[in-house]
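Below you'll find the structure, written out as structure tokens, and then a few comments.
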Amino acid sequence: MDISILNPTQWGLIFTLTSMDTMTPLYEAMGLQLKEKPKFLELLRYRIIENRKFYEANPKVIPPFANRMMQTLESHLGKMEARNFYNWATGVFIQVHADQPQWSAWEMLFHAWSYNIQRQSMLELPIEKRDRLFSEYRRCLDLQQVMQQIAELKSRPLSLWDMEMYSIHQFNNEDEISDPFNTITHTIEINHFQLLWEQWLPQLSSTEKVSLWQEGQRLVVEREVWMPEPLKHPDSLRRLVC
């Protein structure tokens, strides 16, 4: 597992959010499948505390937190569980577009097509198939139930651990920038989109995939979407999480 795919700040946010009691009910919605949640939380919090103590004693040295955490997961939960977490962290979790630029760009494209008949007509898909695809996209990205769950979670008193995380990281549910649930919501959206993607990819012909890809490339340029590399062909973009 290549830990360097993400920087220490990104790993830190992932570990912080997944360690919080408030977030555990949303694991599955985010695409994070863990067989032993309590054990995972115990290990994660232990490493967070250990990492903090190490940094306080050596402020000029950035501790290898992510490496140690993944080694801990492997030794206590098994290689498969550790790999699943790694794949989710590097392949689904998203705070900003740059975290998952390919998935984020494709989701943006589906959103643009889904609500614009004129743009849809430029795609070489049969009308019936096109209507079904974008209807299912709108349905799977409807997060009304999730948002109700988040509202209920926000109304609960914070656990002592969560209070500490909110204080240390200056989280604020009332602030657009520092609300930790915004990152969770973005991750849920990408997870739902990936599930739709895997469901529909086998149903699209080579010509239909090329049409989506070519029109997608044009729209990415038109909207000046930042990309570290060209938009991937649908067959080259696959979900990593089982």
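Miscellaneous remarks
- Helix 160-169 vs. the chain, principal-axis angle (Cα, 0 to 90°, nearest 10): 70
- Charging the Cβ of each Asp and Glu at -1 and of each Lys and Arg at +1, and nothing else, the dipole of the chain about its Cα centre rounds to 520 debye.
- Summed residue charge, Cβ within 12 Å of Leu158's Cβ, Lys/Arg positive, Asp/Glu negative: -1
- Quotient of C-alpha Rg and 2.2 N^0.38 Å, computed over the stretch 3-236: 1.13
- To the nearest ten degrees, helix 65-77 and the longest principal axis of the Cα atoms of the chain are 90 degrees apart.
- Note on Ser211/Ala57: beta-carbon distance plugged into 1/(1 + (r/R0)^6) with R0 of 51 Å gives a FRET efficiency of 0.30.
- Taking one quarter of the surface of the C-alpha convex hull of the stretch 1-71 gives a mean projected area of 5.1 nm².
- Histogram of C-alpha separations across the stretch 169-217, 10 Å bin width, %: 22, 30, 22, 18, 8
- The packing ranking of peptides 151-163, 3-15, highest mean first, is 3-15, 151-163, where packing means the average number of other beta carbon atoms within 10 angstrom of each residue.
- Rounded tilt (10° steps) of 101-114 against the dominant C-alpha axis of the chain: 40
- Treating r as the C-beta distance of Asp175 and Glu152 and R0 as 30 Å, the FRET efficiency rounds to 0.95.
- Per-residue ellipticity at 222 nm computed for the chain from its helices equals -20000 deg cm²/dmol, with DSSP H segments shorter than 4 residues left out and the rest contributing -39,500 (n - 2.57).
- Peptide packing for 27-39, 46-58, 167-179, 84-96 was compared via the average number of neighbouring C-beta atoms within 10 Å per residue; ordered from the highest value, the list is 84-96, 27-39, 46-58, 167-179.
- Cα-centred dipole magnitude for the stretch 59-150, charges only on beta-carbon of K, R (+1) and D, E (-1), debye, nearest 20: 200
- Hull volume per residue, based on the alpha-carbon atoms of the stretch 52-146 and their convex hull, is 177 Å³.
- In nm, spacing of pseudo-spin labels at Glu229 and Arg119 (7 Å Cα→C-beta vector): 2.5
- A Stokes-Einstein calculation at 20 °C with viscosity 1.002 mPa s, built on the Kirkwood radius of the stretch 102-242 over Cα pairs, returns a diffusion coefficient of 125 µm²/s.
Here, each number is a calculation from the coordinates, and none is a lab measurement. Note that the structure is a prediction, hence the values are computed from the model and not measured. Every residue, glycine as well, gets a Cβ built from its backbone with ideal geometry; the counts of neighbours run over all protein chains shown.
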